[in-house]
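Some notes on the structure that comes next.
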Amino acid sequence: MSGLLSSLAMSPEVQQLMAAGSAAVTSYFWLVKARRERPHLELYQLSNFRASTRRGDCEKGTKRLCISQIDTGGVLIANNSSRQNSILRFDCVLEHEGRQISGDWGYTGDDKPPWNVGPESSIAFSPACFFEVPEDYEVPEDLTFWIELVSVSGKRFRRQMSLRAPKH
């Protein structure tokens with residue numbers, strides 16, 4: 001019996017190697033878990049947008065460009081985190097002649113912010129963006145703009161959108 005116990009006893013070097021290996025494996029899994037808990041939202045365009053311009057309460061020499069969803073629920077917000085994420089609002093940005101124009105945001109349908117996106121789930125919303133553009137602005141067929149989600153933590157998640165939804 002004592003021979004069996006002595007054969008089970010390990011040298012200090014083997015014990016140190018096993019302790020280091022155990023610490024490395026534990027650290028790896030803690031890092032993976034911490035990464036999954038960080039906010040990680042992604043936007044996916046599911047349907048087309050329409051663009052229209054109108055004169056209105058704009059500055060002299062400008063007009064209002066409105067970009068809105070044709071169908072409700074045309075943008076999907078996917079939460080790739082193991083924790084819930086809350087979105088306070090979104091920002092809109094349009095690039096025109098080498099400069100970025102910040103826009104006002106809105107929505108079509110009943111999906112008003114704030115939005116709570118559950119762990120590893122998604123929600124759909126219908127954004128609308130409004131920009132003050134020069135009076136001679138013509139809407140291009142390949143118009144692109146950016147929607148940037150602003151989370152409660154202040155982290156931002158940005159995605160380029162276009163008038164036509166990508167084909168999958």
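Here are the numbers for the structure shown:
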{"read-out": "Enumeration of residues in region 119-145 that are out of contact with any Gly (no Cβ under 8 Å at 6 or more places or on another chain), part of a strand (DSSP E or B) and closer than 14 Å to Tyr44 by Cβ", "value": "Ser122, Ile123"}
{"read-out": "Residue under evaluation Phe90, criteria (1) closer than 21 Å to Arg54 by Cβ; (2) part of a strand (DSSP E or B), criterion not met", "value": "(1)"}
{"read-out": "Selection count where residues are farther than 27 Å from Asn80 by Cβ and among the aliphatic types (A, V, I, L, M), scope region 95-138", "value": "2"}
{"read-out": "Ile101 being at pLDDT 90 or above, within 29 Å of Thr62 (Cα to Cα) and in a strand (DSSP E or B)", "value": "yes"}
{"read-out": "Cross-chain or 6+ apart pairs with Cβ under 6 Å, region 80-109 first and over 16 Å from Tyr137 (Cα atoms) and surrounded by 13 or more Cβ atoms within 10 Å (Cβ to Cβ), then of a type in the set (Lys, Arg) and at pLDDT below 90", "value": "Ser82/Arg36"}
{"read-out": "Verdict on Lys167 being part of a loop (DSSP other than H, G, I, E, B) and outside the structural domain of Ala51 (by TED's automatic domain parsing)", "value": "yes"}
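To keep it simple, each residue is scored yes or no on (1) touching a strand residue (DSSP E or B) at 6+ places or on another chain (Cβ under 9 Å); (2) loosely packed, with under 10 Cβ neighbours inside 10 Å; (3) of a type in the set (Gly, Ala, Ser); (4) at pLDDT below 80.
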{"residue": "Glu13", "(1), (2), (3), (4)": "no, yes, no, no"}
{"residue": "Arg38", "(1), (2), (3), (4)": "no, no, no, yes"}
{"residue": "Leu46", "(1), (2), (3), (4)": "yes, no, no, no"}
{"residue": "Cys58", "(1), (2), (3), (4)": "yes, no, no, yes"}
{"residue": "Gly61", "(1), (2), (3), (4)": "yes, yes, yes, no"}
{"residue": "Cys66", "(1), (2), (3), (4)": "yes, no, no, no"}
{"residue": "Ala78", "(1), (2), (3), (4)": "yes, no, yes, no"}
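The values are calculated or read from the model by the stated rules, or taken from the named source; none is laboratory data. No experiment lies behind these values; they were computed from the predicted model shown. We place every Cβ from the backbone using ideal geometry, glycine too, and count neighbours over all the protein chains shown.
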